[in-house]
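Written out below as structure tokens is the structure these notes cover.
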Amino acid sequence: MEPSRIAVAGASGLIGSALVRSLTADGHEVVRLVRRAPRAEDEVRWDPEARQVDAAGLAGCDAVVNLAGAGVGSRRWTDAYKTRIRCSRVLGTSALAEAIASLDTPPRVFVNGSAIGFYGETGDRTVDESTPHGAGFLPELCVEWEGAAVAAQKAGVRTVFTRTGLVVSPKGGAWGKLFPLFKAGLGGRMGDGRQYWSFVSLHDEVAAIRHLIDTDGLSGPFNVTSPQPLTNREITAAMGRVLHRPTLFAVPAPVLRAVLGEMAGDVLGSARVLPTRLLESGFTFAFPDIEGAIRAAL
């Protein structure tokens, strides 16, 4: 792909920072959306929860990528924090979509973050992009989150939703909390360990986003997860093998519920998600197996 101008919201997060490094390494110009006053020429001011974007700063962009949002696993889900999670995603997406639609020459593609939380509890059943949304806080959030991009879609901008799984990285997300525990020999299965975890390496997450930016004709939802989802018990064993540590300290479900509250349902819930549309689009995973994804993260 020829060098492009690409705007990224959430550029300081786990996925966003990795995406920015990848794009700039290949000679692309990256515009970062920031909540404070801009300090450099490559920064554009926005306030997602106030639905304010300096649309002029997006002029000339070939693509806009929105990865912004309060961390789902950052703290206990109080009513106030659930409101923050929702507003940071839904209002931010709406603001960007409307700013994109207002441009005389809008970008050719809008890639908006989403999550496999869209499907809710799936048990042992495999699901893909053709599966309807589940029930509960996360599925309802994802439906509203994706729906907030409607202004960009109505403006004719190719719009993509990345329903991301659990990103294997020691730098953030759920795995950012797991790696220190396992390295200390304190890791173990959660609950009965039978719940499916749909994971993706950080390398493949970034590569998938770039594939979706670059490939004309791709729109709608894409599951960004390894084609080999595994149970928590299997992933726990793989962590032990790769890190050469015991995995004896299982965390009972009641303890998780006491510590995490409603968020425990996301940890104990099962999501057996397949990246059907991503594979059909020609994308190839560099680290489809869990041991490879773990080693790539070290």
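For region 24-82, the set of residues classified as over 14 Å from Ala7 (Cβ atoms), open to solvent by 80 Å² or more (accessible area, probe 1.4 Å) and touching a Leu at 6+ places or on another chain (Cβ under 9 Å) consists of Glu49, Arg51, Arg76, listed by residue number.
Within the set Ala208, Ala184, the sole residue that is out of contact with any Gly (no Cβ under 9 Å at 6 or more places or on another chain) and open to solvent by less than 10 Å² (accessible area, probe 1.4 Å) turns out to be Ala208.
When the criteria are applied in full, Ser4 meets the requirement of being over 20 Å from the mean Cα position of the chain (by Cα) and hydroxyl-bearing (Ser, Thr, Tyr). Which condition number does Ala56 fail, the rest of (1) farther than 18 Å from Leu103 by Cβ; (2) without any contact (Cβ under 8 Å) to a residue 40 or more places away in the chain; (3) small (Gly, Ala, Ser); (4) out of contact with any helix residue (DSSP H, G or I) (no Cβ under 8 Å at 6 or more places or on another chain) being met? Status for Ala56: all satisfied but (1).
Evaluate region 135-146: report whether one residue or more is in a loop (DSSP other than H, G, I, E, B) and at pLDDT 95 or above.
Our first condition is that a residue be in a loop (DSSP other than H, G, I, E, B); within region 135-146, this holds for 135-136.
The next check asks that each one be at pLDDT 95 or above; those that pass are none.
No, region 135-146 contains no residue that is in a loop (DSSP other than H, G, I, E, B) and at pLDDT 95 or above.
When Ser114 is tested against (1) assigned to a loop (DSSP other than H, G, I, E, B); (2) of a type in the set (Gly, Ala, Ser); (3) under 16 Å from Ala271 (Cβ atoms), exactly one condition is not met: (1). Residues that are in a helix (DSSP H, G or I), without any contact (Cβ under 8 Å) to a residue 60 or more places away in the chain and over 15 Å from Pro288 (Cα atoms) within region 220-251 comprise Asn232, Arg233, Thr236, Ala237, Gly240, Arg241, Val242, listed in sequence order.
Arg194 fulfils the conditions (1) outside any strand (DSSP E or B); (2) open to solvent by less than 20 Å² (accessible area, probe 1.4 Å); (3) closer than 20 Å to Tyr119 by Cβ except for a single criterion, (2).
Scanning region 136-173 for residues that are surrounded by fewer than 17 Cβ atoms within 10 Å (Cβ to Cβ) and closer than 19 Å to Thr122 by Cβ yields Gly136, Glu140, Val143.
Table: residues versus (1) out of contact with any strand residue (DSSP E or B) (no Cβ under 9 Å at 6 or more places or on another chain); (2) of a type outside the set (A, V, I, L, M, F, W, C).
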position: Ala80; (1), (2): yes, no
position: Ser88; (1), (2): yes, yes
position: Ala99; (1), (2): no, no
position: Gly113; (1), (2): no, yes
position: Phe118; (1), (2): no, no
position: Gly136; (1), (2): yes, yes
position: Thr162; (1), (2): no, yes
position: Gly172; (1), (2): yes, yes
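Every test in (1) within 22 Å of Arg125 (Cβ to Cβ); (2) surrounded by 20 or more Cβ atoms within 10 Å (Cβ to Cβ); (3) modelled with pLDDT of 95 or more; (4) of a type outside the set (Lys, Arg) is passed by Ala264 save one, and that test is (3). Hey, does region 154-176 have a residue that's touching a residue at least 40 places away in the same chain (Cβ under 8 Å), aromatic (Phe, Trp, Tyr), touching a helix residue (DSSP H, G or I) at 6+ places or on another chain (Cβ under 8 Å) and within 30 Å of Leu243 (Cα to Cα)? Checking region 154-176: at least one residue is touching a residue at least 40 places away in the same chain (Cβ under 8 Å), aromatic (Phe, Trp, Tyr), touching a helix residue (DSSP H, G or I) at 6+ places or on another chain (Cβ under 8 Å) and within 30 Å of Leu243 (Cα to Cα).
Flag: Ala9 does not match the condition of being open to solvent by 70 Å² or more (accessible area, probe 1.4 Å), within 23 Å of Lys171 (Cα to Cα), at pLDDT 95 or above and not charged (D, E, K, R).
Conditions (1) farther than 18 Å from Asp47 by Cα; (2) not basic (Lys, Arg), marked per residue:
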residue: Arg86; (1), (2): no, no
residue: Arg89; (1), (2): no, no
residue: Leu96; (1), (2): no, yes
residue: Pro107; (1), (2): yes, yes
residue: Glu129; (1), (2): yes, yes
residue: Leu138; (1), (2): yes, yes
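The values are calculated or read from the model by the stated rules, or taken from the named source; none is laboratory data. Just so it is clear, the model here is predicted, and its values are computed rather than measured. So basically every Cβ, Gly included, is an ideal-geometry build from the backbone, and we count neighbours across all protein chains shown. Heads up: the accessible areas ignore ligands, DNA and RNA and are worked out on the full protein's heavy atoms, side chains in. Shrake-Rupley method; radii C 1.70, N 1.55, O 1.52, S 1.80 Å.
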